[in-house]
Structure formats: C-alpha cells, structure tokens
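Note sheet for the following structure.
The values are calculated or read from the model by the stated rules, or taken from the named source; none is laboratory data. Note that the structure is a prediction, hence the values are computed from the model and not measured. So basically every Cβ, Gly included, is an ideal-geometry build from the backbone, and we count neighbours across all protein chains shown. For accessibility, only protein heavy atoms count, side chains too; no ligands or nucleic acids. Shrake-Rupley method; radii C 1.70, N 1.55, O 1.52, S 1.80 Å.
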Amino acid sequence: MEVRAATKSGICYSANDMILGANRAFLRMFGFLLFLILFAVRLDLRAQETSAAPPSPDSKATMQADFLAAADEVLSQMSEITGLKLRTPLKKSLRSREEIRAYVIKQMNEEKNPAERYADERSAEAFGLLPKGFDLDAFMVDVLTEQVEGLYDPKTQEFYIADWSPLDEQRMVMAHELTHALEDQHFQIEPWVKAARPNEDAELARDAVLEGSAMAAMVDYLMLGTGRSLKDLPDFDYSMLMGDLASTPTLKKAPPFLKDVLIFPYMSGLTFSAAVFRDTGWAALSGVFQKPPVSTQQILHPGLYRSGKIPVDVTLPAIEKLLGAGWTKLDENIMGEFGWKEVLKQFLGDDRAKSMAAAWDGDRYSVYEQGQTKKLALVSRLQLDSLEHMARFFGQYSEALEKKYSGRKNLFRRANFFSFDTPDGSVFLDCFGFECVAVEGTTRKVFDGVIKAIHWPAAPQPPKEPGSAPAKTAMIPPSGGSIVRAWGAASTSSQLAADPDPHYSAR
C-alpha cells in the first residue's frame with residue numbers, strides 16, 4: 001500500500017511490514033507497502049505540499065484510460081527489469097480517497113483482532129519501545145490515512161491507484177506495486193511470508209525481501225535508458241533516499257522506535273537485495289524466494305545469508321504458576337538482531353546498539369499480564385556468539401536496565417548477576433555460558449523458578465540488609481576493547497574466550 005506523506009520526496013508507510021523489535025508481527029495488521037520515491041534528492045525534486053482535489057466526473061473517463069495505459073506500460077517495463085513474466089491478466093482500477101481509506105481500516109481489523117493488537121502493544125511497552133498508554137491503533141490509522149496513494153492487494157490480486165494522484169507520480173507508485181504483482185504471480189507472496197510464522201523475526205526477514213526487491217526494481221526503473229542498474233551502484237548510501245521523516249505530521253509525534261520500524265523492510269531490504277543481486281542481477285531473485293533468509297540478522301548482514309548461518313533455538317519455561325492467580329501470557333516470540341538493536345538503542349545509543357546486537361545468536365521472550373493491576377512481567381533469554389560478547393552484553397544491558405527503570409533501589413551486583421527493586425516489581429539479569437536471562441516485573445521467587453527450570457546454577461543471594469545503590473553503572477568498554485571484570489579465575493575477556501567450557505560461570 002502506498003501512503004504518501006504530503007511531500008514529493010515523500011514517504012509511504014508499510015502497515016504489513018512495520019515491525020516492533022519486541023513483537024515482529026504486531027504492526028502487520030495495517031496493510032502491505034511502504035512506498036518511497038527514490039532518488040528524489042538526486043533528481044532534484046523539491047519537496048512541496050500536495051493538495052490535489054478529487055477529480056470531476058467529466059475527467060474520470062479520461063483519467064481511467066490514461067491510468068490503464070500507463071499501468072500496462074509500467075507493468076511491461078517491470079516485467080522486463082525483473083525477468084518475471086505476467087502469467088495472468090492483472091486487475092487494475094482507480095479508487096477514491098474514501099475507498100482506499102476504507103480498505104486500510106478493513107485490513108487493520110482483519111489482520112489481528114483487538115485482543116491480539118492489545119497484546120502486541122503491551123509487549124512493546126514491556127521492552128520500553130513504546131511509552132505507557134501509547135495508542136498504537138490510533139497512531140497507525142493516522143499514518144495510513146494522511147494521504148493514500150495506491151496498493152496491490154494479493155488477496156484479490158488487484159492493483160489500485162488513487163484517483164487524485166497526478167499521472168507522473170502514479171508511475172512511481174506503479175513501479176513498486178506492480179513488482180509485487182509480478183512476484184505474487186510467481187511466488188504467491190502472502191502465503192510465502194506467512195509460512196515463517198510463528199517466528200516473527202523470520203517473517204520480518206521475508207517482508208524485507210519483498211519490500212527490498214520492490215525498491216530495487218524501482219531503482220532500475222528510474223535508471224531505464226541510462227544503461228545502468230542497481231548492481232552498478234555498489235557504494236551508494238541508500239539511507240540518503242529517506243529524506244526527512246520528521247516532515248510528516250504524524251511522525252513528528254511518533255516514538256523514535258516507530259520510525260525505525262517503518263523503514264527497516266525497505267532500506268535494509270534494499271541493501272540486502274543489492275548485495276544478493278550484485279553478481280547475477282535479477283536472476284538471483286527466484287533463489288531468494290526458494291531459500292528465504294531465516295532472520296533479520298541475515299538481512300542486516302547479507303554475508304551471513306550466503307554462509308547459511310542459522311539462529312540457535314532458544315526456549316523459555318512457562319511461569320504462570322510461579323506468577324500466581326490472575327496472570328496470563330500475552331505473547332511469546334523471537335526478537336532477532338533487529339529487535340535487540342532497537343531495545344539497546346533506546347537506552348545506549350545507535351552505535352553501541354549496533355555493535356552489541358550483531359553478536360545475537362538466538363533469543364526468545366515472553367510477556368505476562370496481571371489481569372486486575374495490568375502489571376507486566378517480561379522474561380527474555382538471549383544467546384550471544386561468544387563468551388566475550390556475553391560479558392559485554394551483561395555490562396551493557398545492566399546499564400540499559402538502570403536507565404529503563406526509575407525509582408530503583410536495593411541494587412545488587414555480582415560478576416554475572418544484577419538485580420534491583422522497582423515499584424512495579426524486581427528486575428534480574430543473569431548470564432551463564434553464552435547466554436543471558438532477564439526477568440522483569442516479578443519477584444525473586446519467580447526469577448529463581450525460571451533459573452531452575454532452565455537448569456542453571458542458583459544465582460547469588462543479596463545480603464540480608466540491602467546496601468545503598470552505587471553512584472553509577474559500571475563502565476562498559478567500547479566495542480573491541482578489552483573486558484576486565486571479576487569473573488573468578490577467568491578475569492579477562494581473552495581468558496573467557498579461551499575457556500573450553502561453554503557453560504563457564506563463576507558463582
């Protein structure tokens with residue numbers, strides 16, 4: 001779906017592909033496509049307000065004929081670019097603003113029911129990705145109805161375009177959306193994406209293939225007649241194509257995380273497509289659909305897709321009985337590298353988040369809610385790719401948790417264990433071997449039950465009389481720096497890395 005901001009450099013927002021790091025699918029209820037008018041800056045198209053009025057009845061017949069002719073022309077061009085032949089005739093139609101808006105709302109309601117959307121929203125809140133009380137439904141409706149441009153609907157296999165949009169802008173929408181139509185006829189895109197469920201990280205990776213390949217097709221469309229294509233631009237910074245996200249009214253008031261989540265399938269997907277297509281061009285597309293990436297990590301690091309790195313399967317125990325009466329599980333899933341990068345970024349900044357999240361090797365999280373009080377409990381388990389990175393994660397996530405919770409007291413810290421109390425429950429972080437477990441919003445009894453259920457050694461007990469909180473969080477060395485911590489016999493990162501026992505822990 002194309003939902004344009006009111007600028008020619010504009011952005012359109014993906015409802016189907018917007019993903020919270022804490023819950024990959026929770027924004028998919030809103031539609032299909034984020035559209036970007038690529039190379040707006042490089043083509044010197046100046047941003048300007050659009051205020052096109054609906055067409056008069058007398059002009060509709062002419063518009064329809066022009067639209068159909070242009071759509072057929074662009075469809076032929078996109079078929080030539082991608083190598084995907086049109087197998088069956090494609091339905092195409094002009095739609096009014098009201099018709100497209102109604103479609104957006106319908107998609108939102110069909111993708112997930114209110115209870116599922118509520119669970120997704122609270123999961124994002126539990127990770128600190130959305131502020132308490134943020135009305136995500138209302139926000140997404142505002143985003144998707146600011147100014148709708150067009151969409152391809154794989155359910156009905158029909159392409160719609162906004163009847164108020166000028167024909168020259170319609171062609172840009174067509175280049176993106178008709179790529180999806182061609183992919184759908186060859187690869188059945190909706191069931192292909194949903195085949196990754198319930199793994200939301202893997203589903204987001206497939207979304208990025210769809211959106212990234214459509215973006216790549218748009219680049220080639222814009223370069224028609226130049227003798228060049230995407231694979232001729234190996235050093236191009238695709239982030240330059242985004243323009244100013246804050247220029248749209250709704251995104252000005254959006255939490256920063258939502259901006260990242262809106263962009264990921266398109267920009268990271270485009271970078272992934274550029275890497276995959278570099279050697280053989282569009283001939284590589286069918287191979288990606290046959291062997292899709294299995295994680296957002298493979299999207300962020302195309303070399304890991306080529307090498308076939310598979311995430312570790314991480315499990316969590318059910319803790320409803322430990323929590324007691326009135327608690328129910330809202331959600332359980334996988335965050336992936338993208339999700340953990342977003343969580344760390346909220347509290348530690350972009351550079352540190354990218355470096356730390358790249359050590360992701362697998363994870364799982366679960367979110368519980370107390371029915372009467374609406375309190376949340378979050379359990380997350382993350383595997384890192386080395387003992388050194390586990391040690392770094394312990395230090396950095398300890399810092400992030402301190403920044404996440406105000407009003408904390410009774411801080412207790414050991415080499416690989418950290419805990420404190422908050423008005424909403426206690427917080428625990430424990431690392432063992434290559435893994436770290438965080439339990440938030442519960443009690444020591446619940447935390448001990450989690451550790452016992454996953455067969456870890458008991459964590460250190462705090463002193464009977466809690467001491468005062470330390471002045472500040474322990475300093476965390478920069479990426480690549482040495483890690484000197486009190487880890488028993490293994491006191492340095494090099495010693496940790498050399499330890500042959502993957503379950504080393506100094507209790």
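Once amide H atoms are placed 1.01 Å from N in the peptide plane, what residues at a sequence separation of 5 or more from L330, or on another chain, have their amide H within under 5 Å of its amide H?
V367, Y368, E369
Once you place label points 7 Å from the Cα toward the Cβ at L167 and R278, how far apart are they in nm?
About 4.1 nm separates the two model spin labels.
Dimensions of the stretch 289-438 along principal axes (Cα, Å, largest first)?
Principal extents (largest minus smallest coordinate, Cα): 47, 31, 26 Å.
So what does M172 come to for accessible area, using a 1.4 Å probe and Å² rounded to 10?
M172 exposes around 20 Å² with every protein chain in place.
Can you sort H186, H180 by 1.4 Å-probe accessible area, starting with the largest?
H186, H180
Ignoring ligands, DNA and RNA, what percent of the accessible area of the stretch 407-462 is carbon or sulfur (1.4 Å)? Display every interim value, and only then the final one.
Working: 1160 of 2130 Å².
On the stretch 407-462, the fraction of accessible area on carbon and sulfur atoms equals 54 percent.
Rank these residues by their accessible area, most exposed first, probe 1.4 Å: K92, K375, K403.
K403, K375, K92
Give me D for the stretch 91-190 in µm² s⁻¹, whole number, from Stokes-Einstein with Rh from the Kirkwood sum over alpha-carbon pairs, 25 °C and 0.890 mPa s. Could the numbers behind the result be given before it?
On the way: Rh = 15.3 Å.
Taking Rh from Cα pairs, D becomes 160 µm²/s.
Once label points are set 7 Å from the Cα along Cα→Cβ at both N410 and E332, what is their separation, rounded to one decimal in nm?
2.8
Keeping all protein chains in the complex and leaving out DNA, RNA and ligands, what accessible area do you get for K329 with a 1.4 Å probe, in Å² to the nearest 10?
80
What does the highest-first list of 433-440, 410-417, 318-325 look like by mean Cβ count within 10 Å? Working shown, then result.
On the way: 433-440: 21.8, 410-417: 18.6, 318-325: 14.9.
Descending mean neighbour count gives 433-440, 410-417, 318-325.
Could you compute the FRET efficiency for E158 and Q372, with r as their C-beta to C-beta distance and R0 at 56 Å, rounded to 0.05? Please report the intermediate quantities before stating the final value.
On the way: r = 47 Å, r/R0 = 0.84.
FRET efficiency, E158 to Q372: 0.75.
Please give the charge dipole size of the stretch 58-110, origin at the Cα centre, charges +1 on K and R Cβ atoms and -1 on D and E Cβ atoms. Round to the nearest 20 debye. Walk me through the numbers on the way to the answer.
Working: 9 positive and 8 negative charges, 48 e Å.
Charge dipole of the stretch 58-110: 240 debye, to the nearest 20.
Go through the stretch 196-210 residue by residue and turn each phi into a ³J(HN,Hα) via Karplus (6.51, -1.76, 1.60, θ = phi - 60°); whole Hz please, and just put x for glycine and proline.
Values per residue, Gly and Pro as x: 7, 5, x, 6, 6, 5, 5, 5, 5, 4, 5, 4, 5, 5, 4 Hz.
Starting from a Cα-only point model with no solvent, please compute log10 I(q)/I(0) by Debye for the stretch 265-328 at q = 0.14, 0.26 1/Å.
So the normalised log intensities work out to -0.52, -1.15.
Starting from the residue with the highest accessible area, list W282, W360 in decreasing order, probe 1.4 Å.
Numbers: W282 40, W360 5 Å².
The residues order as W282, W360, largest area first.
Just need the Rg to Rh number for the stretch 323-388, please, alpha carbons only, Kirkwood Rh. Provide the component values of the computation, followed by the final result.
Values: Rg = 14.4 Å, Rh = 13.2 Å.
The Rg/Rh ratio comes out at 1.09.
Using a/c under 1.5 as the rounded threshold, could you call the stretch 297-339 rounded, prolate or oblate? The axes a ≥ b ≥ c are square roots of the C-alpha gyration tensor eigenvalues, and prolate needs a/b larger than b/c, oblate otherwise. Please list the in-between numbers first.
Values: a/c = 6.65, a/b = 3.18, b/c = 2.09.
Prolate shape, in that a/c is at least 1.5 and a/b is the bigger ratio.
If you take the beta carbon distance between D351 and D137 as r and set R0 to 35 Å, what does 1/(1 + (r/R0)^6) give as a FRET efficiency, to the nearest 0.05? Spell out each step's value before the answer.
On the way: r = 33 Å, r/R0 = 0.95.
FRET efficiency, D351 to D137: 0.60.
Over all distinct Cα pairs, what is the inverse of the mean 1/r for the stretch 364-427, reported as the Kirkwood hydrodynamic radius in Å?
Working: mean 1/r = 0.0751 Å⁻¹.
One over the average 1/r among Cα pairs gives 13.3 Å for the stretch 364-427.
Can you give me the solvent accessible area of F277 with a 1.4 Å probe, rounded to the nearest 10 Å²?
It works out to around 10 Å².
So if we plug the beta-carbon distance of R101 and A458 into 1/(1 + (r/R0)^6) with R0 = 60 Å, what FRET efficiency do we get, rounded to 0.05? Don't skip to the answer; put the middle values down first.
On the way: r = 57 Å, r/R0 = 0.95.
Plugging the Cβ-Cβ distance into 1/(1 + (r/R0)^6) gives 0.60.
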